[in-house]
Amino acid sequence: MLTSLSLTNVGHVPFAEADFGEGLNILTGDNGLGKSFLLDIAWWALTRRWPQELNPGLTAGGMALPGGGPKNPR
């Protein structure tokens with residue numbers, strides 16, 4: 001089970017942390033805030049594969065490359 005995520009220089013995010021509780025966790029927010037990005041990163045953390053690797057037809061879910069800052073994603 002994934003209990004937390006901590007991102008540094010992953011994709012367009014300089015730094016982010018998320019803690020998850022037991023059972024159902026709900027992500028809400030306006031468009032473009034990163035909900036799908038967080039799910040893609042969670043998927044990668046659990047499987048070490050990007051969603052687009054499994055389904056090339058997806059328009060999202062590709063590899064999250066570092067943004068314009070330092071190039072040391074963690």
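The values are calculated or read from the model by the stated rules, or taken from the named source; none is laboratory data. Nothing here was measured: the structure is a model prediction, and the numbers come from that model. Quick reminder, even Gly has a Cβ in these numbers, built from the backbone with ideal geometry, and neighbours come from all protein chains shown.
Descriptive notes on the structure:
- Of all residues assigned to the stretch 37-47, none qualifies as being part of a loop (DSSP other than H, G, I, E, B) and either modelled with pLDDT of 75 or more or surrounded by 10 or more Cβ atoms within 10 Å (Cβ to Cβ) (or both).
- If you go through the stretch 15-36 and keep only what is modelled with pLDDT of 90 or more and out of contact with any Ser or Thr (no Cβ under 7 Å at 6 or more places or on another chain), you end up with Gly21, Glu22, Gly23, Leu24, Asn25, Ile26, Leu27, Thr28, Gly29, Asp30, Asn31.
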